[in-house]
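Here, each number is a calculation from the coordinates, and none is a lab measurement. Since the model is a prediction, treat every value here as computed from it, not as a measurement. Neighbour counts run over all protein chains shown; Cβ positions are idealised from the backbone, glycine included.
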Number of protein chains: 4
Amino acid sequence: MNTHKLRMGMVGGGRDAFIGAVHRTAACMDGRVSFVAGALSSTPEKALASGRDVGLDDRRNYGTWREMLERELALPQDQRIDFVSIVTPNDTHFPVAEAFVQAGFAVVCDKPLVHTSQQAAALIRAVQRAETVFAVTYNYSGYPMVKQARHMVEQGELGDIRKVIVEYNQGWLADKIEETGQKQAQWRTDPARSGIGGAIGDIGSHAEQLVAYVTGLEIDGICADITTFVPGRRLDDDANLLVRYTNGARGLLFASQICIGSENDLRLRAWGTKGGIEWRQEEPNHLVFRPEGRPERIYRRGNDYLCQAAKNNTRLPFGHPEAFIEAFANVYNAAGDAIRAGAGADGGPKHDYPDVYDGARGVHFIERTVASSERDQKWTDARWTMRRGSDA
Amino acid sequence: MNTHKLRMGMVGGGRDAFIGAVHRTAACMDGRVSFVAGALSSTPEKALASGRDVGLDDRRNYGTWREMLERELALPQDQRIDFVSIVTPNDTHFPVAEAFVQAGFAVVCDKPLVHTSQQAAALIRAVQRAETVFAVTYNYSGYPMVKQARHMVEQGELGDIRKVIVEYNQGWLADKIEETGQKQAQWRTDPARSGIGGAIGDIGSHAEQLVAYVTGLEIDGICADITTFVPGRRLDDDANLLVRYTNGARGLLFASQICIGSENDLRLRAWGTKGGIEWRQEEPNHLVFRPEGRPERIYRRGNDYLCQAAKNNTRLPFGHPEAFIEAFANVYNAAGDAIRAGAGADGGPKHDYPDVYDGARGVHFIERTVASSERDQKWTDARWTMRRGSDA
Amino acid sequence: MNTHKLRMGMVGGGRDAFIGAVHRTAACMDGRVSFVAGALSSTPEKALASGRDVGLDDRRNYGTWREMLERELALPQDQRIDFVSIVTPNDTHFPVAEAFVQAGFAVVCDKPLVHTSQQAAALIRAVQRAETVFAVTYNYSGYPMVKQARHMVEQGELGDIRKVIVEYNQGWLADKIEETGQKQAQWRTDPARSGIGGAIGDIGSHAEQLVAYVTGLEIDGICADITTFVPGRRLDDDANLLVRYTNGARGLLFASQICIGSENDLRLRAWGTKGGIEWRQEEPNHLVFRPEGRPERIYRRGNDYLCQAAKNNTRLPFGHPEAFIEAFANVYNAAGDAIRAGAGADGGPKHDYPDVYDGARGVHFIERTVASSERDQKWTDARWTMRRGSDA
Amino acid sequence: MNTHKLRMGMVGGGRDAFIGAVHRTAACMDGRVSFVAGALSSTPEKALASGRDVGLDDRRNYGTWREMLERELALPQDQRIDFVSIVTPNDTHFPVAEAFVQAGFAVVCDKPLVHTSQQAAALIRAVQRAETVFAVTYNYSGYPMVKQARHMVEQGELGDIRKVIVEYNQGWLADKIEETGQKQAQWRTDPARSGIGGAIGDIGSHAEQLVAYVTGLEIDGICADITTFVPGRRLDDDANLLVRYTNGARGLLFASQICIGSENDLRLRAWGTKGGIEWRQEEPNHLVFRPEGRPERIYRRGNDYLCQAAKNNTRLPFGHPEAFIEAFANVYNAAGDAIRAGAGADGGPKHDYPDVYDGARGVHFIERTVASSERDQKWTDARWTMRRGSDA
């Protein structure tokens, strides 16, 4: 396999931004990526200081992403970054991503992808024209046992899916900490920076993608009840949805950031005509399978009996737990393989990373959810009709 | 305390009816109740055979409930049954209960109480007139750790409740076993016997009562999506509800009988402004409490630090697990205490058993859920305005 | 099947004795036993008062066990008790049991059986001569999932057993509560009443029996380290043993009553050449099986895939948890079946209840453990050579 | 803080050696260490090929560790490696470590440290003379919740420790896979390469260190029963120990590699006069604390209520699980801080990494265990009298 080390630039992820460090560690953890350039903050001074903190070479420690774009393009191709990782608050995803895509760079972008479906469509068109790899860090689908779950659904071990319960509960926004100087809380509760979704955008979108990834189901309609519990908060902090899928399956999707004591409690349960599965992010190394009429089975990461995708995305032997950072790294590795292979705009399914289409579908989901909630919480069409490879 | 042994008669619960044996064992397990009379099946031959199976004295082993009613009334008061336990399929709850109430007997009746709110109102009026004790076996509220949860809510340890998730998942009806001769499946999927609710009636009603009991919240509105997954089945086997409570709390209530591998998976989670709780019926001996900013706490049955109600409803020391049958017995014991105390129609709250009002509220809940689902799954007013002590 | 209701008398189990109530509830819970006579305490006044508390008929509420023995023998056989349940502190097991056996009564006796192997041998001889049923309430082997574990070992699903870890941890004696008036603590820490073993006698003996029941292994030698942690206590409160079995398997057996926060934490793990099992008393409704090279399996009580013994000892459907009291009742039911069948002295294995030989083996185990610990914790022969049906 | 990036060389860890990759990823994951030189295998060809696999610069990709030592010494100090990581099979730890120490390099070495206490003493003397940092990768003590446990013991939250149960169960050597070409199994079951301990050396030594790290207790005596279950195997695959500590505490330490279905099941339980703790490596993100008379508490990684050491060794917010690789990295980070600070031979306690004394104590433990088992499994003095800072 072509495994040459890729050069990564980063936009965002400076001081105080925990997720930037996660992206850097994940991208580099297997030695397949070098972090060589960055514009790590929105203010040049802070950007440069942040770059020095993390050891960037002064020549490639940029004050702004535009400067980075321009100066990297000016480098010979064998020195230039291979891709840019965009880890800014959501509001700058679109301009940064579009500019880098148009310049021919591959992109890894945090989620939710952009603010509106219009932006998403524009971005898809840009990606299609540029034929670049574009990955979205729906990191939870990088877990090996999630891949095992997907495999078992594909193999028909659950039969036809009837019911899906996905939930994502957190409690860190139970109080109005956005007024205490907490940076994350500030931008995540600010519609100008986060977009129209609060909890539904930040974590509900992960839940939507996890269902799509594991089950392959497509949402038909949703009925959403979105609430802001903390007085004065400007975005929702709680979202409850009834969901119908195009195959007739029914489901619930709920996400909240006011569930005190819930830390990062993403869970998926799905049942078909032959069995059910259950997976939980906080204990990610096993998957429960319940076949009809037989004892429950616990599948554990690292065992020979797992599917190839689960094995390929595992580093350590069984019993030596892997966790969040490895799952994140798996998304980077898959995107990296696609970049090396020149996979183009539609490389997601083949190389097993969430791509720009997944990102766009997430934006659509957030929009339809908010629309349903604003329309007296009525059932709302939420089909996403765009197809990979078609024109956006 | 007056603890004289009460004499119990039973209607229903003959051969093949597992729940009848549960009621008898639960009622009698602490030696406070004697099972002395019964009309255990709807056909006289089977009733008599069933009574002989369980050792009823021939003189009080009746062929029909009407016969039992008449002949027990003819006995001197100190021999006559003190109360009747009604464990028939739902369709006969109303006539049997009404007749025994009107004759002045105390009643313990299985849930859901009756088929319609009209019947429920009639029954309440009868109970009020007769001044009898009327208990409904919402057995899950008999668990000591459920009582501890209720206590903690009452004490304000959770703060103001914001979010409630209650779920009740089973898998035993994932296939069309009502056609295989399984008696339970037959009547539970038959609208003539079960009423208008399938899963929502059989188990959703338990979920509704559990929330009401623990949190004290009152439902304001619901938005329900009810489905029948098994082809040809005549009642729903899956129900998903968004719920709004009158205090502003939001919630989800879901119940299903097609979740393969789920056995009797009733769970309650509730979060307030100060903390959250979690309880699960299949592991009933502990309760999780998550206070804000402090380590999660596991409260275990049998410990000195629990509330008085939890202690009063416990038989064994900690670590010696109690389970389903003891919780059921707790409902019988509380109803029995009310009967001994002559508590009358409104004795539920004082003696801590679900009473006829709880039963009526459950019927209302089922009706409003089905109404919502039939009205294009729109939000539907589901307030229950009846109050204990007021005229029905 | 012959299921006539048996008449039970009880010795011990009066006021303040929680275990007496457990025995009565368990014996009677399925309606196959009537509690009709008792001498519930060692002082006549307290005995009579206790009997009145629990509703014994005055004529059969006796002041002493000798009076009960004499007066019951004087009753016609069809009124006389069928068996006596002995639930006194250990020191009186022997005289009471021997007297009732010699008078031809069947006996159910709490554990440990007696104080010395000499007493045990004498009792076995008496039982053999009288040809009576004699059960010992090693209640944990009454759990259905324990029976499933035993079945799987017998079927060879684990292969040849290599390693066994059994542990029984409690914390209730971490402080010197025997000086606070706690009755249980008083007699259990008093060698005159408990015998030579403290923790090793009270709970270590359960652990020994559980291993024997599930695995069928026979102890060859032990090396024991027994400690009294609480200053001034007169019996051990902590015991750690290395164990060798005659088939070459090795193991650990440990039991403690100073493990704060451990409630009644009896666990068994066993591994063979083909797989391993794990069971825990505090969550008794499932059994873990780990077959080599395949996913772990969770067997749950109440399912069709279980063995016949597990099914026969189950009352409720899956998901409706059963617990301590039902397991206890299973021992009584099995002993009752043996009594009805006239099974005689050697009925344990056939009717699946722990019998006098199991009780005697437990006494031997306690003696050898104490001997090892007193001999500088050296390895000590602990083979138990008595065989059912042979002369004691 | 001085955080300049350290240059790491590695000995061992070539193709087929999973643990080499773990060390490299862990050392480098936070960007504080560069992997710049290596002699990755014992045969020069394989060493060079392995170095190329992982992207080593040809000039510093050495055929042998002696060549690396010599040529690195010849480099200017600001290019030369700062430390060497030794991840070879155990038999070469001593010569490699001694040589690098004597040349003045800091060392990070895998465990068990060396084959004999004589070697350990010689190594300590060398480290003392050279005043170098020497870390031993007892990686499990790098987990933040282990540090929390240690903190709680130090703070007296458990009171005086009475009882310690530590266990480490694996199943991967249940069959004779050393004959199937499995490299790890080959050397780990080969006394020439592993030393005198099989399971007791490979994993028992981790258990010993975990107890010492968390509780601070010192072993007084042990009584060991060591077994080889797999026919023809040359080292033990199962070890069971009774342990006495110098403060009077008692314990069990057991380790096995034939427990089918156990993956990497390291658990620690300890109880004192005021409470108990429990931690399990396979679910490392929480710690259970059971204070006397109060509800059990679950401490979770990433929360404000934890001790400073737990916080310092955490990268991700609560609910975003960390695992094996991060714990490993924590050991490297602490050793790196000591190297930067010029901490010398005795830097372990101050900088919180296991040092050469811990390594030596582990060798002593293995020797005494084997001695006990060979002396008819008698109690054997196992005190370790060496003190940091004293002459070895």
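Going by a ≥ b ≥ c, the root eigenvalues of the Cα gyration tensor, does segment A:220-291 fall in the rounded group (a/c under 1.5), the prolate group (a/b larger than b/c) or the oblate group? All intermediate terms of the calculation are to be shown ahead of the outcome.
Working: a/c = 4.34, a/b = 1.40, b/c = 3.09.
Oblate is the answer for segment A:220-291, as a/c is 1.5 or above yet b/c matches or exceeds a/b.
Rounded to whole angstrom, how close does the nearest chain D beta-carbon get to the axis mapping D onto B, and which residue is it?
For the rotation taking chain D to chain B, the closest Cβ gives D:Arg297, 3.
R0 = 45 Å: FRET efficiency of A:Gln308 with C:Arg375, Cβ-based, nearest 0.05?
On the way: r = 58 Å, r/R0 = 1.29.
The pair A:Gln308/C:Arg375 has a calculated efficiency of 0.20.
Taking the Cβ-Cβ separation of B:Gln102 and C:Glu179 as r and a Förster radius of 41 Å, what is the calculated FRET efficiency to the nearest 0.05? Working shown, then result.
Details: r = 60 Å, r/R0 = 1.46.
My answer for the efficiency is 0.10.
Distances from A:Glu179 to the same residue in each other copy, label points 7 Å out along Cα→Cβ, in nm, shortest first?
From this label point to the equivalent ones elsewhere in the assembly: 5.5, 6.2, 7.4 nm.
So, with +1 on the Cβ of K and R and -1 on the Cβ of D and E, and no other charges, what is the size of the charge dipole of segment C:6-139 about its Cα centre, to the nearest 20 debye?
About 80 debye.
Treating the beta-carbon of each Lys and Arg as +1 and of each Asp and Glu as -1, no other charges, what is the dipole magnitude of the protein assembly as shown about its Cα centre, to the nearest 20 debye? The partial results should precede the final answer.
Numbers: 188 positive and 204 negative charges, 0 e Å.
With Lys and Arg at +1 and Asp and Glu at -1, about 0 debye.
With θ taken as phi - 60° and the coefficients 6.51, -1.76 and 1.60, list the Karplus ³J(HN,Hα) couplings across segment B:255-271 in order, rounded to whole Hz; mark glycine and proline as x.
Result, ordered by residue: 8, 8, 10, 10, 8, 3, x, 6, 9, 8, 8, 8, 9, 10, 10, 9, 10 Hz.
Taking the Cα centre of chain C as origin, work out the dipole magnitude from +1 charges on Lys and Arg Cβ and -1 charges on Asp and Glu Cβ, in debye rounded to 20. Show your work: numbers first, answer last.
Working: 47 positive and 51 negative charges, 135 e Å.
Once rounded to the nearest 20, the dipole reads 640 debye.
In nm, what does the list of distances from A:Asn312 to its counterparts in the other copies look like, shortest first, when each label sits 7 Å along Cα to Cβ?
The answer, with the shortest distance listed first, is 4.2, 5.3, 6.3 nm.
Of the options B:Thr314, B:Ile339, B:Ile298, report the single residue whose Cα projects farthest towards the positive end of the charge dipole of segment B:273-347 (beta-carbon charges: Lys, Arg +1; Asp, Glu -1).
Of the listed residues, the answer is B:Ile298.
Taking each label point as 7 Å beyond Cα in the direction of the beta carbon, state the distances from D:Gly248 to the same residue in the other copies, shortest first, in nm.
4.3, 5.7, 7.2
Return the percentage of antiparallel bridges among DSSP beta bridges fully within the protein assembly as shown, rounded to the nearest 5 %.
Once the DSSP bridges in the protein assembly as shown are tallied, antiparallel ones form about 60 percent.
Which order do the peptides A:224-230, B:344-350, C:357-363, B:176-182 come out in when sorted by mean C-beta neighbours inside 10 angstrom, highest first? Kindly include the intermediate steps, with their values, before the conclusion.
Working: A:224-230: 22.7, B:344-350: 19.1, C:357-363: 25.7, B:176-182: 13.9.
Ranked by mean Cβ neighbours within 10 Å, highest first: C:357-363, A:224-230, B:344-350, B:176-182.
Just tell me how shielded B:164-171 is by partners: mean number of partner chain Cβ atoms within 10 Å of each residue's Cβ, no decimals. Numbers along the way, then the final one.
Details: counts 0, 7, 0, 3, 0, 6, 3, 8.
Shielding by partners across B:164-171 averages 3.
How long are the three semi-axes of the equivalent ellipsoid of chain C, in whole Å, if each is the root of 5 times an eigenvalue of the C-alpha gyration tensor, listed from largest down?
Values: eigenvalues 203, 128, 82 Å².
Sorted largest first and rounded, they come to 32, 25, 20 Å.
Considering only DSSP states other than H, G, I, E and B, which chymotrypsin sites (Phe, Trp or Tyr not before Pro) in segment A:256-344 qualify as loop sites with at most 16 other Cβ atoms within 10 Å?
Values: sites: A:Trp271, A:Trp279, A:Phe289, A:Tyr299, A:Tyr305, A:Phe318, A:Phe324, A:Phe328, A:Tyr332; in loops: A:Tyr305, A:Phe318.
Taking segment A:256-344 and a limit of 16 other Cβ atoms within 10 Å, the loop chymotrypsin sites (Phe, Trp or Tyr not before Pro) found are A:Tyr305.
Can you compute 3J(HN,Hα) from phi for each residue in segment A:137-142, using the Karplus curve 6.51 cos²θ - 1.76 cosθ + 1.60 with θ = phi - 60°, rounded to whole Hz and x for Gly and Pro?
Going residue by residue, I get 7, 6, 5, 5, 6, x Hz, with x marking Gly and Pro.
Could you work out how far helix C:324-341 tilts from the main Cα principal axis of chain C, as a 0 to 90 degree angle to the nearest 10?
For C:324-341 against chain C, the angle is about 60 degrees.
Label C:Asn247 and D:Gln118 with points 7 Å out from Cα along Cα→Cβ: what is the distance between them in nm?
4.4 nm
Under the classification rounded if a/c is under 1.5, otherwise prolate if a/b is larger than b/c and oblate if not, where does segment C:1-75 fall, given a ≥ b ≥ c as square roots of the Cα gyration tensor eigenvalues? If you can, show how the numbers build up before the last one.
On the way: a/c = 2.28, a/b = 1.29, b/c = 1.76.
Oblate, since a/c reaches 1.5 and b/c is not below a/b.
Can you compute the helix-only [θ] at 222 nm over chain D? Use -39500 (n - 2.57) per DSSP H run of at least 4 residues, normalise by all residues, nearest 500 deg cm²/dmol. Please list the in-between numbers first.
On the way: 13 runs with 132 residues, N = 392.
Mean residue ellipticity at 222 nm (helix-derived): -10000 deg cm²/dmol.
Which three extents, in angstrom, do the Cα atoms of segment A:56-113 have along their principal axes, listed largest first?
Answer, in whole Å and largest first: 32, 22, 14 Å.
For peptide A:313-319, what's the mean number of Cβ atoms from other chains within 10 Å of each residue's Cβ? Walk me through the intermediate numbers first.
Values: counts 0, 0, 6, 10, 9, 7, 12.
Shielding by partners across A:313-319 averages 6.
Using only atoms on other chains, find how many Cβ atoms lie within 10 Å of each Cβ of peptide A:323-333 and report the average.
For this peptide, the per-residue mean of nearby foreign Cβ atoms is 4.
Scan around B:Val136 for amide H atoms under 5 Å from its own, H built in the peptide plane at 1.01 Å from N, and keep only partners 5 or more places away or cross-chain.
Placed amide hydrogens put B:Cys109, B:Asp355 under 5 Å from B:Val136.
When a/c is below 1.5 the answer is rounded, else prolate if a/b is larger than b/c, else oblate, so apply that to the protein assembly as shown with a ≥ b ≥ c taken from the square roots of the Cα gyration tensor eigenvalues.
On the way: a/c = 2.31, a/b = 1.27, b/c = 1.82.
In terms of gyration-tensor shape, oblate.
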